[in-house]
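Student: Here you go, one structure.
The values are calculated or read from the model by the stated rules, or taken from the named source; none is laboratory data. What you see is a predicted model, and the numbers here were worked out from it, not measured in a lab. When we count neighbours, we look across all protein chains shown, and the Cβ atoms used for this are built from the backbone with ideal geometry, even at glycine. The area values use the complete protein model at the heavy-atom level, side chains included, leaving out ligands, DNA and RNA. Shrake-Rupley method; radii C 1.70, N 1.55, O 1.52, S 1.80 Å.
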Amino acid sequence: MNKITVKASQSYDVIIGSGILQDADRYIPDVLKSRRTVIVSDDNVYPLYGEKLKNTLTAAGFEVYEFVFPHGEQSKSHETLLNLYGFLAASNITRSDSIIALGGGVTGDLAGFAAASFLRGIDYVQIPTSLLAQIDSSVGGKTAVDIPAGKNLVGAFKQPRLVLADTDTLSTLPEAFFDDGMGEAVKYGMIWSEKLFELIAAGNIKEHLEEMIVECVDIKREVVETDEFDKGLRMILNFGHTLGHSIEKTQNFCGLSHGKAVAAGMYLITRAAEKHGIIADNISDRLKACLDVNRLPSSVDITPETLFANSVNDKKRFSDDINIIICKTIGKADIVKMPVSEYRKLITEG
Ligand code: GLY
């Protein structure tokens, strides 16, 4: 078992290891004000772990309700959120009570935003069950729902009271979802740690899974502690995301999944930066080899012009400039602010 303490506006522990979920009653009661909670989960994850968690907490003296919604990104919507608010109200959830998010990134973002906004804020615990959620989205307090104009456009910063990452839950994860999480893991290696990058590039990551998760969470801890509200350093976590979001949008969110789109986005921006002489030549080849060995894409069938056009309304854009994250060496990211016209040349020429 590993414990990482995130010292943000609200401090909390991230517990990582095998079998953590069955010990939920050891960790959860200490961080919550009351013994009433709502488990929020989707219809894929709740049948696997929900009843067990409910029974464990009930045995520990909790009154437990469950809100289960249809799985998938389309549920990260105002419609589901309104249903959840209604459920919380009907269950007489008060400011002392809490939410437990049990599932992947969609569940964590949705439940976290409900916790940030219901009664102007109640406590919540993250129990991430996907690789992507364990290494990235459950830590750092970004919560959101999607609106028709774009993904994650309505949200809040709200740190959880606790994160329980049980690595055993990854054994039920379909391979495609596992690979998706690996896209974000490669990102952590690229932006912060060459050692982590090499561990992932070696190609037998399932033998080092816990080590990798701990390393990614510890990097995220350091970034979030430095810049909780995403005004500076935290932007490096968006490496690969500007083009990644463009890929997802161009494919109407029905093509590459998020982590895979980020993988292709990391490669495309790195290769473009090499071609334009911004970085040294050998980085994109090393990145591509790492992506290949982890079954992640490095190309997409989208024209550079479309990739550019669909990336410039990204949240990282400020007026006529855009912030692009570039890794000049493996293990170190820079935030490069450039005019949109220059960014266009970077993506479409060369
Ligand atoms: N997933 C990016 C961030 O938490 O800032």
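Student: Is it the case that some residue within the stretch 174-196 is within 26 Å of residue 97 (Cβ to Cβ) and either at pLDDT 95 or above or not polar (S, T, N, Q) (or both)?
Tutor: Within the stretch 174-196 (the criterion being within 26 Å of residue 97 (Cβ to Cβ) and either at pLDDT 95 or above or not polar (S, T, N, Q) (or both)), the answer is no, since none of the residues qualifies.
Student: Further question on the same structure: Quick one: residue 140 ticks every box in (1) within 14 Å of the chain's Cα centre (by Cα); (2) in a helix (DSSP H, G or I) except a single one, so which number is it?
Tutor: (2)
Student: Looking only at residues that are at positive phi and away from the ligand (no atom under 16 Å from the Cβ) in the stretch 237-276, which one is surrounded by the fewest Cβ atoms within 10 Å (Cβ to Cβ)?
Tutor: Among those residues, the one meeting the criterion is 252.
Student: Among the residues of the stretch 158-169, is any assigned to a helix (DSSP H, G or I) and within 21 Å of residue 270 (Cα to Cα)?
Tutor: No, there is no match, as no residue in the stretch 158-169 is assigned to a helix (DSSP H, G or I) and within 21 Å of residue 270 (Cα to Cα).
Student: Working only within the stretch 145-154, note down all residues that are under 14 Å from the mean Cα position of the chain (by Cα) and either part of a loop (DSSP other than H, G, I, E, B) or surrounded by fewer than 20 Cβ atoms within 10 Å (Cβ to Cβ) (or both).
Tutor: 151, 152
Student: Consider the stretch 216-231. How many of its residues are open to solvent by 30 Å² or more (accessible area, probe 1.4 Å) and either of a type in the set (Lys, Arg) or within 18 Å of residue 296 (Cβ to Cβ) (or both)?
Tutor: Total meeting the criteria: 2.
Student: How many residues does the stretch 162-214 contain that are of a type outside the set (Phe, Trp, Tyr), open to solvent by 10 Å² or more (accessible area, probe 1.4 Å) and within 16 Å of the ligand (Cβ to nearest atom)?
Tutor: So the answer is 1.
Student: I'd like the full set of residues that are surrounded by 14 or more Cβ atoms within 10 Å (Cβ to Cβ) and assigned to a loop (DSSP other than H, G, I, E, B), limited to the stretch 11-42.
Tutor: Matches in the stretch 11-42: 18, 20, 32, 34, 35.
Student: Collect the residues in the stretch 287-317 that are open to solvent by less than 80 Å² (accessible area, probe 1.4 Å) and of a type in the set (Lys, Arg), keeping them in residue-number order.
Tutor: Residues satisfying the conditions are 288, 316.
Student: If you don't mind, there's one more thing I want to ask. Being touching a helix residue (DSSP H, G or I) at 6+ places or on another chain (Cβ under 9 Å), of a type in the set (Val, Ile, Thr) and touching a residue at least 60 places away in the same chain (Cβ under 8 Å) is the requirement here; does residue 135 meet it?
Tutor: Spelling it out, residue 135 is indeed touching a helix residue (DSSP H, G or I) at 6+ places or on another chain (Cβ under 9 Å), of a type in the set (Val, Ile, Thr) and touching a residue at least 60 places away in the same chain (Cβ under 8 Å).
Student: So how many residues does the stretch 238-258 have that are in contact with a Leu (Cβ under 6 Å, 6 or more places away or on another chain) and within 19 Å of residue 286 (Cβ to Cβ)?
Tutor: 1
Student: A follow-up question, please. Could you identify the single residue in 112, 61 that is closer than 20 Å to residue 145 by Cβ and not aromatic (Phe, Trp, Tyr)?
Tutor: The unique qualifying residue is 112.
Student: Shifting gears a bit: I want to confirm something. Restricting to the stretch 215-236 and keeping residues that are within 11 Å of the ligand (Cβ to nearest atom) and over 24 Å from residue 270 (Cβ atoms), which single residue is nearest to the chain's Cα centre (by Cα)?
Tutor: Of everything passing the filter in the stretch 215-236, 224 is nearest to the chain's Cα centre (by Cα).
Student: Give me a count of the residues in the stretch 115-135 that are closer than 21 Å to residue 258 by Cβ, hydrophobic (A, V, I, L, M, F, W, C) and assigned to a helix (DSSP H, G or I).
Tutor: Residues in the stretch 115-135 being closer than 21 Å to residue 258 by Cβ, hydrophobic (A, V, I, L, M, F, W, C) and assigned to a helix (DSSP H, G or I): 4 in total.
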